[in-house]
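The values are calculated or read from the model by the stated rules, or taken from the named source; none is laboratory data. Nothing here was measured: the structure is a model prediction, and the numbers come from that model. Note that we place each Cβ from the backbone using ideal geometry, even for glycine, and neighbour counts take in every protein chain shown. Only protein heavy atoms, including side chains, enter the accessible area calculation; ligands, DNA and RNA are left aside. Shrake-Rupley method; radii C 1.70, N 1.55, O 1.52, S 1.80 Å.
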Amino acid sequence: MARENDAMTGSKDGTPNAAEGAMQATAPVAAGDATGTAGTAIVNPATNGGASTNGGAANGSSPATAVSGARAADNYYGQEYIVRAKNIKKTFEVGGQPVHALRGVDIDIRRGEYISIMGPSGSGKSTLFNMIGGLDKPTEGTVFIDEVDMAQLDAFELAWLRCRKIGYIFQTFNLIPVMTALENITLPMIFAGASTDEQLEKGRKLLEQVGIGHRMHNKPSQLSGGQQQRVAIARSLANDPAIVLADEPTGNLDQKTGKEIIDLLKKLNKESGVTIITATHDDKMLDVSDRIVWVSDGRIDKIKRRDEVDITLGTLEGGVH
Amino acid sequence: MATMSAGPAKIDRQISLPMSQAMRIALRNITIRLGRALITGAGTMLGIAFLMSVFANTLAQQAANIEIPAQQATKNLWLVIMSLLVAVVGITNSMLMSVTERYKEIGTMKCLGALDNFIVKLFLLESGFLGFFGSLIGAIIGAVFVLLPKFGLWGSLDWGRFLLYLLGCVVIGSFLSIIAALGPAIRASRMPPADAMRTEV
């Protein structure tokens with residue numbers, strides 16, 4: 001399975017950006033087309049997982065005459081899929097009534113991509129986000145993170161995955177209040193079994209990288225919101241994860257600070273090639289995203305590349321630093 | 001960087017929280033919420049102080065060659081049990097509050113890769129520390145209150161027995177504190193990590 005996918009991915013990477021049409025959720029064929037080009041999205045909630053896989057595979061091999069598009073350079077790290085979700089459904093029981101939070105979602109995310117997931121509350125956005133982040137298991141369907149089926153993992157392996165492979169950034173920063181900035185960052189490294197020297201060295205380096213090396217011995221309560229979020233970002237990178245999941249990372253910040261945080265995330269995304277997946281309402285976030293996913297009513301509404309979306313912001317090139 | 005490595009990830013299962021680090025975190029949690037910790041510890045302290053005072057009284061009476069009536073011994077036993085039960089319930093309640101208060105913190109730790117047993121370990125250590133110091137102080141207070149006015153008996157007191165009772169009090173106090181925190185700790189550890197994402201609470 002994994003091998004097959006790799007081959008598929010290889011051919012897709014070479015494909016040009018010819019068909020740039022938006023993916024319509026209801027048209028499996030169109031979705032299949034888009035898969036070959038716009039990078040990885042397979043969106044056809046109307047059909048089931050099997051059909052979508054076929055669509056993707058058939059398409060991946062068809063445009064064999066590859067012209068390397070401009071995007072290919074951008075997707076330098078996008079050689080393979082880091083997250084593959086196949087027909088995931090999630091049903092909760094609320095008061096004896098089933099509530100369908102997700103009604104069959106397929107999404108593939110490439111290594112090194114910057115993805116924003118948008119959607120109103122109650123759309124299933126958070127549920128999808130949690131599934132991709134290995135925090136929740138689907139009722140139906142499969143989620144592969146780095147080619148590993150989440151459903152097969154036991155508690156120890158899940159913890160390992162969360163510790164080493166996934167970094168989390170929260171809307172409310174969620175730093176451990178009793179620990180200094182540096183200690184907050186070294187905590188995941190303690191879990192990962194790093195030596196004290198390694199922890200301190202790496203922790204300092206990360207804090208410098210996010211621009212608050214001078215506040216490393218401060219407690220979260222002594223830091224501003226923006227600074228706390230920087231610490232949280234550094235913490236999410238502590239064990240060199242493959243994915244960073246950011247849940248409304250700018251939700252509790254003012255516009256200017258939010259922009260700084262977004263720029264920082266994008267910088268880290270470019271520099272270290274870490275995949276960043278955000279759930280957001282912030283238009284500023286869309287601007288730096290490689291792709292934007294809209295979720296509504298438990299389905300993926302549409303997936304668009306950044307250059308397919310018109311975003312008018314006051315300052316695109318903020319340069320707030 | 002590790003993120004560039006190709007191929008499927010190798011899933012390992014080794015996640016660790018060394019005891020020294022766990023103790024450091026637990027102690028930090030106590031000192032940062034010192035007010036609450038002192039109140040929780042005070043419950044243990046009072047219970048153990050009473051237990052120790054009963055022990056000390058027994059010793060004093062033995063030293064003075066006074067026979068203890070069986071009825072009084074039984075009554076004392078019951079009082080001690082009741083006071084320790086009250087202390088245990090107090091610790092459980094306090095720990096439950098602590099779990100609720102630190103809901104997000106626990107979820108965050110689990111997101112960072114903490115196993116369920118790390119969370120249990122942290123809570124039990126915290127409670128164990130409180131129990132240890134609370135009962136140590138309590139035992140000393142209990143002994144001092146009873147024995148200080150009876151300094152005439154000090155010469156004939158069985159001090160070896162006294163130390164044994166003191167140690168017993170500390171062990172009982174720490175043990176009960178850990179037992180009392182077990183329920184809340186397990187409850188905390190079962191919390192789904194996704195709850196760390198929630199903005200309310």
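For region A:114-170, give me each residue that is without any contact (Cβ under 8 Å) to a residue 12 or more places away in the chain and among the charged types (D, E, K, R).
A:D149, A:D154, A:E157 - these are the residues of region A:114-170 that are without any contact (Cβ under 8 Å) to a residue 12 or more places away in the chain and among the charged types (D, E, K, R).
Please pick out the residue among A:V83, A:V99 that is in a strand (DSSP E or B) and closer than 18 Å to A:S296 by Cβ.
On the way: A:V83 fails: closer than 18 Å to A:S296 by Cβ.
Unique residue meeting the criteria: A:V99.
Which of the following residues is closer than 28 Å to A:F170 by Cβ and open to solvent by 50 Å² or more (accessible area, probe 1.4 Å): B:R190, B:R102?
Values: B:R102 fails: open to solvent by 50 Å² or more (accessible area, probe 1.4 Å).
Selected residue: B:R190, the only one of B:R190, B:R102 that is closer than 28 Å to A:F170 by Cβ and open to solvent by 50 Å² or more (accessible area, probe 1.4 Å).
Just need a number here: residues in region A:272-311 that are within 14 Å of another protein chain (Cβ to nearest Cβ) and crowded, with 20+ Cβ neighbours inside 10 Å.
Initially, region A:272-311 is screened for residues within 14 Å of another protein chain (Cβ to nearest Cβ), giving A:272-281.
Filter once more, keeping what is crowded, with 20+ Cβ neighbours inside 10 Å: A:274-280.
Result for region A:272-311: 7.
So if I check each of B:L166, B:L157, B:L176, B:L153, which one is surrounded by 15 or more Cβ atoms within 10 Å (Cβ to Cβ), away from every other protein chain (no Cβ under 14 Å) and under 24 Å from B:S94 (Cα atoms)? Steps first, please.
Values: B:L166 fails: under 24 Å from B:S94 (Cα atoms); B:L157 fails: under 24 Å from B:S94 (Cα atoms); B:L153 fails: under 24 Å from B:S94 (Cα atoms).
Only one candidate qualifies: B:L176.
Please go through region B:82-130 and pick out each residue that is within 14 Å of the chain's Cα centre (by Cα) and free of Cβ contacts under 8 Å to residues at least 40 places away in the same chain. Write out each step before concluding.
Of region B:82-130, the ones within 14 Å of the chain's Cα centre (by Cα) are B:84-96, B:98, B:120-130.
The answer is B:L85, B:N93.
So A:C163 clears everything in (1) surrounded by fewer than 23 Cβ atoms within 10 Å (Cβ to Cβ); (2) in contact with a helix residue (DSSP H, G or I) (Cβ under 7 Å, 6 or more places away or on another chain); (3) closer than 18 Å to B:Q21 by Cβ except one condition, right? Which one?
The number of the failed condition is (1).
I need every pair where a residue in region A:191-218 that is farther than 26 Å from B:I119 by Cα and touching a residue at least 40 places away in the same chain (Cβ under 8 Å) has its Cβ under 7 Å from the Cβ of a residue that is in a helix (DSSP H, G or I) and open to solvent by less than 20 Å² (accessible area, probe 1.4 Å), sequence separation at least 6 or different chains.
A:Q209/A:A234; A:V210/A:I233; A:V210/A:A234; A:V210/A:L264
Could you list, ordered by first residue, the pairs with Cβ atoms under 7 Å in which the first is in region B:22-35 and more than 8 Å from chain A (Cβ to nearest Cβ) and the second is part of a helix (DSSP H, G or I) and open to solvent by 50 Å² or more (accessible area, probe 1.4 Å), at least 6 apart or interchain?
B:A22/B:K121
Does B:L130 qualify as being assigned to a helix (DSSP H, G or I), open to solvent by 30 Å² or more (accessible area, probe 1.4 Å) and either more than 14 Å from chain A (Cβ to nearest Cβ) or modelled with pLDDT under 90 (or both)?
On the way: assigned to a helix (DSSP H, G or I): yes; open to solvent by 30 Å² or more (accessible area, probe 1.4 Å): no; either more than 14 Å from chain A (Cβ to nearest Cβ) or modelled with pLDDT under 90 (or both): yes.
Against the criterion (assigned to a helix (DSSP H, G or I), open to solvent by 30 Å² or more (accessible area, probe 1.4 Å) and either more than 14 Å from chain A (Cβ to nearest Cβ) or modelled with pLDDT under 90 (or both)), B:L130 does not qualify.
Taking the stated definitions as given, is A:D310 without any contact (Cβ under 8 Å) to a residue 12 or more places away in the chain and over 21 Å from A:G112 (Cβ atoms)? Walk me through how you get there before you give the answer.
Numbers: without any contact (Cβ under 8 Å) to a residue 12 or more places away in the chain: yes; over 21 Å from A:G112 (Cβ atoms): yes.
Here the answer is yes, as A:D310 does meet what is asked.
Can you find even one residue in region A:243-265 that is farther than 23 Å from A:K125 by Cβ and small (G, A, S)?
No, region A:243-265 has no match at all.
Out of (1) over 13 Å from the mean Cα position of the chain (by Cα); (2) farther than 14 Å from B:V99 by Cβ; (3) touching a residue at least 24 places away in the same chain (Cβ under 8 Å); (4) away from chain A (no Cβ under 14 Å), what's the single condition that is false for B:R187?
Only one criterion in (1) over 13 Å from the mean Cα position of the chain (by Cα); (2) farther than 14 Å from B:V99 by Cβ; (3) touching a residue at least 24 places away in the same chain (Cβ under 8 Å); (4) away from chain A (no Cβ under 14 Å) is unmet by B:R187, namely (2).
Being hydrophobic (A, V, I, L, M, F, W, C) and more than 12 Å from every other protein chain (Cβ to nearest Cβ) is the filter here, so list the residues in region A:166-205 that pass it. Write out each step before concluding.
Within region A:166-205, the subset hydrophobic (A, V, I, L, M, F, W, C) is A:166, A:169-170, A:173, A:175-176, A:178-179, A:181-182, A:185, A:187, A:189-192, A:194, A:200.
Once the filter is applied, which keeps residues that are hydrophobic (A, V, I, L, M, F, W, C) and more than 12 Å from every other protein chain (Cβ to nearest Cβ), region A:166-205 yields A:A181, A:L182, A:L200.
Test of understanding: among B:I68, B:I140, which residue is in a loop (DSSP other than H, G, I, E, B) and touching a helix residue (DSSP H, G or I) at 6+ places or on another chain (Cβ under 9 Å)? Working first, answer last.
Working: B:I140 fails: in a loop (DSSP other than H, G, I, E, B).
Answer to the check: B:I68.
Within 14 Å of chain A (Cβ to nearest Cβ) and modelled with pLDDT of 90 or more: which single residue out of B:V89, B:V120, B:V144 fits that description? Working first, answer last.
Details: B:V89 fails: within 14 Å of chain A (Cβ to nearest Cβ); B:V144 fails: within 14 Å of chain A (Cβ to nearest Cβ).
Answer to the selection: B:V120.
Scan region A:243-257 and tell me whether some residue there is touching an Asp or Glu at 6+ places or on another chain (Cβ under 8 Å) and among the hydroxyl-bearing types (S, T, Y).
Looking through region A:243-257, at least one residue is touching an Asp or Glu at 6+ places or on another chain (Cβ under 8 Å) and among the hydroxyl-bearing types (S, T, Y).
Identify all residues within region A:115-138 that are part of a strand (DSSP E or B) and not polar (S, T, N, Q); write none if there are none. It would help to see each step written out before you state the result.
First, the residues of region A:115-138 that are part of a strand (DSSP E or B): A:115-118.
Selection gives A:I115, A:I117, A:M118.
When region A:127-163 is examined, which residues are found to be at the interface with chain B (Cβ under 7 Å from one of its Cβ atoms) and either farther than 20 Å from B:L112 by Cα or not aliphatic (A, V, I, L, M) (or both)?
Within region A:127-163, A:N130, A:D136, A:D146, A:E147, A:F156, A:E157, A:W160, A:R162, A:C163 qualify.
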